[in-house]
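What follows draws every value from the coordinates through simple rules; no lab data is involved. Remember, it's a predicted structure, so these values are computed and weren't measured experimentally. Every residue, glycine as well, gets a Cβ built from its backbone with ideal geometry; the counts of neighbours run over all protein chains shown.
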Amino acid sequence: NIGSVSLTSTDPGVGTIVTPSGWGKDSDSAGGITDKLRQVDVPILSNSDCANTYGSTIYDGIICTNSIGGKGVCSGDSGGPMNWNGATAGVTSFVASAGCESGLPHGFTRVTYFLDWIQANSGITP
């Protein structure tokens, strides 16, 4: 039985630990996606710090995580959840072209920014 996700109506603050998950690669050199659902705990990064890497790609609809040490999402994880306090706060979107282990920020679509649209089109409410 598959149910709908819980959505957050508030954003995790800078430095807050969040948990993205997915079946994507577990390293830049991996030959393909994994056969096991994986998750990792990473801290939220400020949008201004994230914009130092990605420039104008970063706007209020994006929330970034710090991936120093190579921890985070990777190719194949796009579309998966970034959870916080039992609810989805972001949807995996992108990593740097330098790779998922580069230590550069990882970008997620910010649920709160699109919450009205999500509610109108899915019926899911926080």
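Give the residues of the stretch 92-101 that are assigned to a loop (DSSP other than H, G, I, E, B) and either closer than 10 Å to Thr53 by Cβ or under 13 Å from the mean Cα position of the chain (by Cα) (or both), sorted by residue number. Matches in the stretch 92-101: Val95, Ala96, Ala98, Cys100.
State yes or no: is Ser56 of a type outside the set (Lys, Arg) and out of contact with any strand residue (DSSP E or B) (no Cβ under 9 Å at 6 or more places or on another chain)? It is true that Ser56 is of a type outside the set (Lys, Arg) and out of contact with any strand residue (DSSP E or B) (no Cβ under 9 Å at 6 or more places or on another chain). Meeting the requirement of 3 or more residues that are of a type outside the set (Val, Ile, Thr), the strands (runs of 3 or more DSSP E) wholly within the stretch 1-78 are 17-22.
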